[in-house]
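The values are calculated or read from the model by the stated rules, or taken from the named source; none is laboratory data. Note that the structure is a prediction, hence the values are computed from the model and not measured. With ideal geometry, Cβ positions are generated from the backbone for all residues, glycine too; neighbour counts draw on all protein chains shown. Heads up: the accessible areas ignore ligands, DNA and RNA and are worked out on the full protein's heavy atoms, side chains in. Shrake-Rupley method; radii C 1.70, N 1.55, O 1.52, S 1.80 Å.
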Amino acid sequence: METLKSSTLQLRQLTKKYNNFEAVRDLDLNVPSGSLLTLLGPSGCGKSTVLRMIAGFLNVTSGEILVDGKDISRVEPNFRDIGMVFQNYALFPHMTVESNVAFGLKMRGVAKHEQAERVRDALAMVQMTHLADRYPSQLSGGQQQRVALARAVVIKPKLLLLDEPLGALDRHLREGLQSELRDLQRQLGITSILVTHDQDEALYLSDYIAVMNGGCIEQLDTPIALYDRPQTEFVARFLGVPNIFASTVVASSSSEVTVSLGGQNIIVPTDTGKTVGSSCKISVRPSHIEVARSEDPRQGVTAVIKSAHELGERIVYHCEVADLKIEANAPRISSSERFAVGQSVKLVLDPAHTVLLRD
Ligand SMILES: Nc1ncnc2c1ncn2[C@@H]1O[C@H](COP(=O)(O)OP(=O)(O)OP(=O)(O)O)[C@@H](O)[C@H]1O
Ligand SMILES: [Mg+2]
């Protein structure tokens, strides 16, 4: 199947109210052409509502949905040129695989011979050619999801929307399909939005991730930037950062602040210009804290090791400084120095990955 001309998607001040409840509030979003953007967030934050508005299954309360600069928010779903894959596959049970995939083409009045050719290409793309005559009930979950994907892309949509497309599958199958989905999206170059609440899936598949909270986007970033530098406490917690410290600003300049961690000073790069004496929160991933000997000359926090566990590829240290608990991870390789419970150590925080969280 040839690469499609990729579209851009912009959401402007998109809002959805159910009676008085705002499920999505003033949402702005740009999805560059050909990229895959993931909406990531906890249950109920509004992910599916956004997707359904883009697809046209839900009316917008206010705001605009621009595809290639044209507002489609009042266009009937059938005329939006959007392919959608649902969590529960939603294949037609009384139709074969082949007829399921052909359905959208038939609806659009595509000529019979072209239908056959495009269905064949789409089924080949998801490796389902040999099962074309089966019914959905005769397929595994992964196979059904492949058909759903073929059915969505066969119409050569401007946008591909995927609502938890792998959510119903077991982990092993999920991981296999994740890489297939990624390859297919890249190969076709379709601008895509994926919805998931699985952060690993989001990190693996996405060009960009928008973390949603209560109908709004908290942070939009590349997967690496989001993982390394969550900007708010909500995002840091949602992405599983265990080290979030309440602290006080001791000194401040245009490029950094000095904060107190368990009574010891740490410099954190930032341009937010906090006032001295104000309270703040700091986050840093355990893998960005190096456990060093206490006499290490670098800037750090002197702490005591409370527990040490070798877990898979990591050594997990739980440390304490005054009443602060800090987790630090070291790679579990033979050259890593092992520190013992009760030992005093220097925790060296990587400044590039230590974040002053936004209020
Ligand atoms: N028809 C409706 N009437 C009233 N409230 C609704 C309706 N549909 C959804 N909501 C509410 O809107 C909010 C957002 O729902 P949505 O389905 O978009 O969440 P989600 O982020 O997709 O969650 P999940 O991860 O559980 O699928 C929720 O609080 C939900 O209860
Ligand atoms: Mg949902």
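Just a few scattered comments:
- Note on region 44-129: semi-axes of the ellipsoid equivalent to its C-alpha gyration tensor, largest first and rounded to whole Å, are 28, 16, 11.
- Legend: P(r) of region 1-69 from all alpha carbon pair distances, 5 Å bins from 0, whole percents, reading 4, 15, 25, 25, 16, 8, 4, 2, 1, 0.
- Using a probe of 1.4 angstrom and keeping all protein chains present, the accessible surface of region 35-77 works out to 39 square angstrom per residue.
- Computed from the Cβ-Cβ distance with R0 of 45 Å, the FRET efficiency linking Asp207 to Arg134 stands at 0.85.
- Taking the three principal axes of the alpha carbon atoms in region 181-226, the coordinate ranges are 33, 20, 16 Å, sorted in descending order.
- Region 241-356 - Kirkwood radius from inverse mean 1/r over Cα pairs (Å): 14.5 Å
- Rounded to the nearest 10 degrees, the inclination of helix 171-188 to the longest alpha-carbon principal axis of the chain is 70 degrees.
- To the nearest ten degrees, helix 141-153 and the longest principal axis of the Cα atoms of the chain are 70 degrees apart.
- Helix content alone sets the calculated 222 nm mean residue ellipticity of the chain: runs of n ≥ 4 DSSP H residues at -39500 (n - 2.57) each, divided across all residues, give -7000 deg cm²/dmol.
- Distance from region 298-318 to region 216-240 (C-alpha centre basis), Å: 24 Å
- Sum of side-chain charges, Ile244 neighbourhood, beta-carbon under 10 Å (Lys, Arg +1; Asp, Glu -1): +1
- Gaussian network model of the chain, springs between alpha carbon atoms under 10 Å - residue of Lys17, Lys47, Lys158 with greatest fluctuation: Lys17
- Highest mean packing comes first when the peptides 213-225, 108-120 are listed by Cβ atoms within 10 Å, giving 213-225, 108-120.
- Derived value for region 169-274: Kirkwood hydrodynamic radius 16.4 Å. Basis is the mean of 1/r over every pair of different alpha-carbon atoms.
- Estimated FRET transfer efficiency (Ser33, Asp359; beta-carbon r; R0 25 Å; 0.05): 0.10
- For region 241-356, the per residue solvent-accessible surface stands at 49 Å², with DNA, RNA and ligands left out and a 1.4 Å probe.
- The Cα-based radius of gyration of the chain, divided by its Kirkwood radius, gives an Rg/Rh of 1.07.
- FRET efficiency for the pair Ala90 and Ala225, taken as 1/(1 + (r/R0)^6) with r the Cβ-Cβ distance and R0 = 45 Å, rounds to 0.85.
- Extension gain for the segment Ser253 to Glu175, taken as residue separation times 0.36 nm less the Cα-Cα distance, is 23.5 nm to one decimal.
- Those lysines that a straight Cα-Cα span of less than 18 Å connects to Lys70, excepting residues fewer than 8 apart in one chain: Lys5, Lys158
- Counting Lys and Arg as +1 and Asp and Glu as -1 over every other residue whose Cβ lies under 10 Å from the Cβ of Glu310, the net charge comes to +2.
- Whether region 91-134 is rounded, prolate or oblate, judged on the alpha carbon gyration tensor where a/c under 1.5 counts as rounded: oblate
- Beta bridge orientation in the chain: antiparallel %, DSSP, nearest 5: 75 percent
- Extended-chain gain in nm, criterion 0.36 nm per residue less alpha-carbon gap, Ala111 and Val75: 10.5 nm
- The chain: angle of helix 112-125 to the longest principal axis, Cα-based, in degrees nearest 10: 30 degrees
- Positive-pole candidate from Ala111, Pro32, Ala352, dipole of the chain, charges at beta carbon: Ala111
- Counting Lys and Arg as +1 and Asp and Glu as -1 over every other residue whose Cβ lies under 11 Å from the Cβ of Leu194, the net charge comes to -3.
- Label point at Phe57 placed 7 Å out along Cα→Cβ; residues across region 9-27 whose backbone nitrogen lies under 18 Å: 16-18, 23-24
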